[in-house]
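Accompanying notes for the structure given below.
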């Protein structure tokens, strides 16, 4: 298969720690251009990864490097919408790290541009691509848990970047848009995207000013199922914590560690082998699987998942979460 010719915009922490090391080892992709506002960084990384072109102006990169087929956008969130629109308008498929945009309104504009250009846009939701999460999804689809009626998820960790993520004009929000949106996406995906009926949420700013550092969210669905989300940058823990519990009429699923519990002839049985991979391996594989999926979708090997339309529905819910926290009362989704 011919290699996908890729351009990368944004060469910060996630690019250097995850995307570039993974992409450099994949056989079906060739990075042909890089762009970052920091010229010295762009030059250094282009030399390190043997990339022929580097830029400080992404629009110039799109215009001058004709061979680019797809683009990764790994910049602060305030740039996602305009860059995604520019890339699809230039005829490129796009992988953009979460969230797709800062607001529901911005997301609507991006989705409209995608529909007009008929390009593929994947939003980075790497938790879906963790091996244990994919296995859990398989158990659910096979009916092992029965009907899902309650999902509970949490993620407690310090922000990766303590500068722009704490600025609302750049990030769009705090821990809800950083960690909460990933738990929301994973839970919705696991449960088959039930329709949300109402949202109740509370947020706190214990160690931040313009954005929330902790949030507690309760979602009620029209099928009577419930989702509880608890996320924080500021809880005091020795190490990061991520978990997801899925309760069904015929069994319970847990993530981190991965377990499937069922009552079989009066005995509680775990259907999952005790030996599981370490969290750091699962983390790395989630990104590797995600990028492989994107590149395969660019080559029409399979349908794209984690689409911009998924992001639009998520942002509608996120907007309701922020409204509920601001107003101090339940918000009904229309």
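The values are calculated or read from the model by the stated rules, or taken from the named source; none is laboratory data. Here the structure is a predicted model, which is why all the values come from computation and not from measurement. Heads up, the Cβs are rebuilt from the backbone with ideal geometry, glycines too, and the neighbour counts pull from every protein chain shown.
See the values below:
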item	result
Complete set of residues in the stretch 272-283 that are touching a residue at least 12 places away in the same chain (Cβ under 8 Å) and within 22 Å of the chain's Cα centre (by Cα)	277, 279, 282, 283
Strands (runs of 3 or more DSSP E) lying entirely in the stretch 74-179 (those with 3 or more residues that are under 30 Å from residue 257 (Cβ atoms))	121-124, 148-156
Options 228, 242, 237; residue that is loosely packed, with under 13 Cβ neighbours inside 10 Å, assigned by TED's automatic domain parsing to the domain that holds residue 148 and either in contact (Cβ under 8 Å) with a residue 12 or more places away in the chain or assigned to a loop (DSSP other than H, G, I, E, B) (or both)	237
One residue from 295, 282 being part of a helix (DSSP H, G or I), over 27 Å from residue 196 (Cβ atoms) and touching a helix residue (DSSP H, G or I) at 6+ places or on another chain (Cβ under 8 Å)	282
Residues (surrounded by 14 or more Cβ atoms within 10 Å (Cβ to Cβ) and part of a loop (DSSP other than H, G, I, E, B)) located in the stretch 252-270	256, 258
Test: residue in the stretch 201-216 that is surrounded by fewer than 20 Cβ atoms within 10 Å (Cβ to Cβ) and under 20 Å from the mean Cα position of the chain (by Cα)	yes
Test set (1) farther than 30 Å from residue 162 by Cβ; (2) surrounded by 15 or more Cβ atoms within 10 Å (Cβ to Cβ); (3) out of contact with any helix residue (DSSP H, G or I) (no Cβ under 7 Å at 6 or more places or on another chain) - residue 273 fails condition number	(2)
Count - residues of the stretch 190-217 that are within 26 Å of residue 146 (Cβ to Cβ) and out of contact with any helix residue (DSSP H, G or I) (no Cβ under 9 Å at 6 or more places or on another chain)	2
Some residue of the stretch 261-271 being under 27 Å from the mean Cα position of the chain (by Cα) and either over 28 Å from residue 22 (Cα atoms) or free of Cβ contacts under 8 Å to residues at least 24 places away in the same chain (or both)	no
Failed item, numbered, when residue 249 is tested on (1) closer than 20 Å to residue 155 by Cα; (2) surrounded by fewer than 20 Cβ atoms within 10 Å (Cβ to Cβ); (3) at pLDDT 95 or above	(1)
One residue from 95, 129 being at pLDDT 95 or above, under 30 Å from residue 278 (Cα atoms), crowded, with 24+ Cβ neighbours inside 10 Å and touching a helix residue (DSSP H, G or I) at 6+ places or on another chain (Cβ under 7 Å)	95
Members of the stretch 52-68 that are touching a residue at least 24 places away in the same chain (Cβ under 8 Å) and crowded, with 20+ Cβ neighbours inside 10 Å	58, 61, 62, 68
